[in-house]
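The values are calculated or read from the model by the stated rules, or taken from the named source; none is laboratory data. Computed from a predicted model, the values in this text were never measured in an experiment. Positions of Cβ are backbone-derived with ideal geometry, glycine not excepted, and every protein chain shown enters the neighbour counts. These accessible areas exclude ligands, DNA and RNA; they are computed on the full protein's heavy atoms, side chains included. Shrake-Rupley method; radii C 1.70, N 1.55, O 1.52, S 1.80 Å.
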Amino acid sequence: MRLSRRLILKSAGALPLLAGGLPLLGLQARAQTAPAAVPPILFVHGNGDHAALWITTLWRMESNGVPRERVLAINFTDPLARSDDKVEQPNRSSTEDQRRELGEAVKELQRRTGAARIALVGNSRGGYSIRNYIRNGGGADVSHAVLCGVPNHGIYDWGDGINNEFNGRGPFLRGLNEGDSEATPGTAFLTLRSDGNDKYAQPDGRFVGKPGTPTGVTSDGPALKGATNLVLGALDHREVAFHPRAFREIYKFIAGVEPSRIEIVPEADVKLSGLVTGSPGGVVTNRPVAGAMVEIYRVSAETGERLGGLIHSSQTGADGRWGPAQVEPTWYLEIVLTSAGSTTTHIYRSPFPRSSEIVHLRAARPLGTADAGAGAVVLMSRPRGYFGLPRDVVLIDGKEPKDVKSGVPADSVTTLRLPASEVGRPVVTIFNTERIVARAWPASENRIAVAELTY
């Protein structure tokens, strides 16, 4: 039986976020005990992404009493799709590669928890691997599947590029969607989608390189016959997975009850660790980088200046892991990543309210021709969503960025270039309620600063 509800928000900011600068009230407060029926949950990232995008979702799960050991976020080795699913490309993955790696992660979570069945939650391309796994042999392992912003009918429906997995007319998606029910029976399916703000569910091809060409896809593209299909208003392609509004629906669908809280409950002791991954040949991967140095400093929330000396330093081994670093849940941080052949990257972050083992790091992009003559380059990055103008407040160095387009949110990074005379000064970045101050480091030393938003 097909169930359908239409839930519309008027803005992506309908629910408050935990702001890094707020006082930590009730630090010793205990999280509500989760319902006994909540299965272990495996979170699956999208194209070119990594497990760290789920960090706020995992914190919210923990804040609702879900034990840390019963949630897992996969890190696909090669997260970028091939242009032709049937033709090998260096450091890119096929649909079968993704299905196989997901199956291994499912078995690991079952082994860790002793559970016969688990829940799967995926964003974008991650939903393809979930559907592929369930439909082609893994359905007995999966009780619930939540597909967030997944282009279930393609990002276009065209006769050319027929073997691209994102082509709704291609064999991969036709195989997943055949039959009376597009949701494989035996698993409960939920889809979450945007009301017109998903750049990969648009009728015009401008977001896939063909402006003016009809895609054959609409905002309803992520919906599935046989699933519970919900619309989350003005949220964008990533926010339908990572926004607090999405968390509520994910939790409620899997647990069967409303979450006891949406806010993240801080911990007294915070330990951080993760992977350093590389981009061989300019292709982003989750392959570990050995010999990378990770240094962490506490910085001023107002100026980005370092407060005191180094609080953590570690060098990655063959497995690419760094940490653990112990920090306070009120500290703003500068994380410095140095690795051979890459740009030295100064990453400025809001306070981490809880511990995490998926604080994964990649070096910033190389300095390019567009940066020529710049004394410093500062990036403002939002991994868990896009900048929407005029939907959001987006300011870098006191101005609305000119490289962020208005309308459908499509840009997650904005760039500020400063003259040499301004190297070393603070740069204030603001996205709605989150504020991060970075420092402008000299581009002449192959350095880039990144103000990386958490929310």
For the pairs Lys199/Lys402; Lys86/Lys405; Lys210/Lys402; Lys86/Lys210; Lys199/Lys225; Lys210/Lys405, note any where the Cα-Cα span goes beyond 27 Å. Lys86/Lys405
Apply the Karplus parameterisation 6.51 cos²θ - 1.76 cosθ + 1.60, with θ equal to phi minus 60°, to every residue of the stretch 297-304 and state each ³J(HN,Hα) to the nearest whole Hz, in sequence, with x for glycine and proline. 10, 7, 10, 6, 5, 8, 10, x
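Net charge around Thr215, counting only other residues with Cβ within less than 15 Å of its Cβ (Lys, Arg = +1; Asp, Glu = -1)?
Spelling it out: positives minus negatives among the neighbours equals -1.
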Which cross-chain or sequence-distant (5 or more) residues have an amide H under 5 Å from the amide H of Glu165, H modelled 1.01 Å from N in plane? Asp85
Where the stretch 292-361 is the region considered: accessible area per residue in Å², 1.4 Å probe: 38 Å²
At 1.567 mPa s and 4 °C, plugging the Kirkwood radius over alpha-carbon pairs of the stretch 161-319 into Stokes-Einstein gives what diffusion coefficient in µm²/s? 64 µm²/s
For the stretch 347-448, size of Cβ-based charge dipole, Lys and Arg +1, Asp and Glu -1, in debye: 160 debye
Percent of beta bridges antiparallel (DSSP, the chain, rounded to nearest 5): 50 percent
Tell me, in nm to one decimal, what length is gained between Gln326 and Gln89 on full extension, where the rule is 0.36 nm per residue of separation less the Cα-Cα distance? 81.3 nm
With Cβ to Cβ distances under 14 Å as the rule, what net charge do the other residues near Ala140 carry (K, R +1; D, E -1)? +2
Assigned charges on the beta-carbon of Lys, Arg, Asp, Glu; the stretch 29-124 dipole about Cα centre (debye): 500 debye
Only four residue types carry charge here, +1 at the Cβ of Lys and Arg and -1 at the Cβ of Asp and Glu. Report the dipole size of the chain about the Cα centre in Debye, rounded to the nearest 20. 580 debye
Rounded to the nearest 0.05, what FRET efficiency is calculated for Ser313 and Ser381 with R0 set to 30 Å and r the Cβ-Cβ distance? 0.80
Could you derive backbone 3J(HN,Hα) for the stretch 170-184 from the dihedral phi with the Karplus parameters 6.51, -1.76 and 1.60 (θ = phi - 60°), listing whole Hz in sequence and x where the residue is Gly or Pro? x, x, 5, 6, 4, x, 6, 9, 6, x, 5, 10, 7, 8, 4
In whole Hz, the Karplus estimates of ³J(HN,Hα) for the stretch 431-438 (6.51, -1.76, 1.60; θ = phi - 60°; x where Gly or Pro) are 10, 6, 9, 9, 10, 10, 10, 9
To the nearest 10 degrees, how steep is helix 244-255 against the longest Cα principal axis of the chain, on a 0 to 90 scale? 40 degrees
Here the gain from full extension of Ser444 to Lys399, 0.36 nm per residue of separation minus their alpha-carbon distance, amounts to 13.7 nm
